[in-house]
Amino acid sequence: MLVAALLSAIHLLTLALGAGALFARGRALLRPLDEAGWNRLLAADSAWGVAALLWIASGLARVFFGGKEPSFYWRNGFFWVKLALFGMVFALELRPMMTFIRVRSARSKRIPVPQFPIDAYRRINAIELALVVAIVFVAAFMARGAWLF
């Protein structure tokens, strides 16, 4: 029970980190990207990346060591919806992730950063934040076994 509770807490705390990071990244994308702006944007992006890794690790740990049998998840329709939503977030994130990796590389080499469609990235960020909120609602139904088959 202790392990299940700790894994649950880590998974939930990661939500705060991830949602906060997405919100901060969205705000940074609204401001000028001068030196301070890039620092804000890349710090928020890094926090978002850490949150994603923690979500994956804590989610997998919950499935296999979290107190419920793995079959609970495999037979739960909301689990599959949650994974699909997470997959959508991941797919949306690929382009910004690769761009911000290139930005970090360019800044470390002191060469011009690559251009990117900032308006599109603002929209992607907002969609990702909305999907993360949707994941929370789906997870609440999933945890209660609302759609078992």
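In segment 97-119, the residues that are touching a residue at least 40 places away in the same chain (Cβ under 8 Å) and of a type outside the set (A, V, I, L, M) reach residues that are surrounded by 15 or more Cβ atoms within 10 Å (Cβ to Cβ) and assigned to a helix (DSSP H, G or I) with C-beta atoms within less than 6 angstrom, at least six apart or across chains, in these pairs: F100/D45.
Checking each residue in segment 12-56 for being of a type outside the set (G, A, S), within 19 Å of M88 (Cα to Cα) and open to solvent by less than 60 Å² (accessible area, probe 1.4 Å) picks out T14, L15, L22, R25, D45, W48, W55. Quick check: is even one residue across segment 129-137 free of Cβ contacts under 8 Å to residues at least 12 places away in the same chain and either buried (at least 17 other Cβ atoms within 10 Å of the Cβ) or charged (D, E, K, R) (or both)? So far as segment 129-137 goes, no, none of its residues is free of Cβ contacts under 8 Å to residues at least 12 places away in the same chain and either buried (at least 17 other Cβ atoms within 10 Å of the Cβ) or charged (D, E, K, R) (or both). For R75, indicate whether it is touching a strand residue (DSSP E or B) at 6+ places or on another chain (Cβ under 6 Å) and in contact (Cβ under 8 Å) with a residue 40 or more places away in the chain. In short, yes. In summary, F65 fulfils each of the numbered conditions (1) modelled with pLDDT under 95; (2) out of contact with any Leu (no Cβ under 8 Å at 6 or more places or on another chain) with the single exception of condition (2). With respect to the conditions (1) surrounded by fewer than 19 Cβ atoms within 10 Å (Cβ to Cβ); (2) of a type outside the set (K, R); (3) touching a His at 6+ places or on another chain (Cβ under 7 Å), G59 lacks only one, and its number is (1). On the given criteria, is A84 surrounded by 14 or more Cβ atoms within 10 Å (Cβ to Cβ), of a type in the set (A, V, I, L, M, F, W, C) and either in contact with a Pro (Cβ under 8 Å, 6 or more places away or on another chain) or within 18 Å of I135 (Cβ to Cβ) (or both)? The answer is no for A84. Within segment 39-61, residues that are part of a helix (DSSP H, G or I) sit with their Cβ atoms under 7 Å from residues that are among the hydroxyl-bearing types (S, T, Y), at 6+ positions apart or across chains, in these pairs: A51/T14; L54/T14; W55/T14; S58/T14.
If the condition is being open to solvent by less than 20 Å² (accessible area, probe 1.4 Å) and either under 30 Å from G77 (Cβ atoms) or under 12 Å from the mean Cα position of the chain (by Cα) (or both), then segment 106-128 contributes N125, E128.
The values are calculated or read from the model by the stated rules, or taken from the named source; none is laboratory data. All figures in this text were calculated on a predicted structure; none of them were measured in a lab. We place every Cβ from the backbone using ideal geometry, glycine too, and count neighbours over all the protein chains shown. Surface areas here come from the heavy atoms of the whole protein model, side chains and all, with no ligands, DNA or RNA. Shrake-Rupley method; radii C 1.70, N 1.55, O 1.52, S 1.80 Å.
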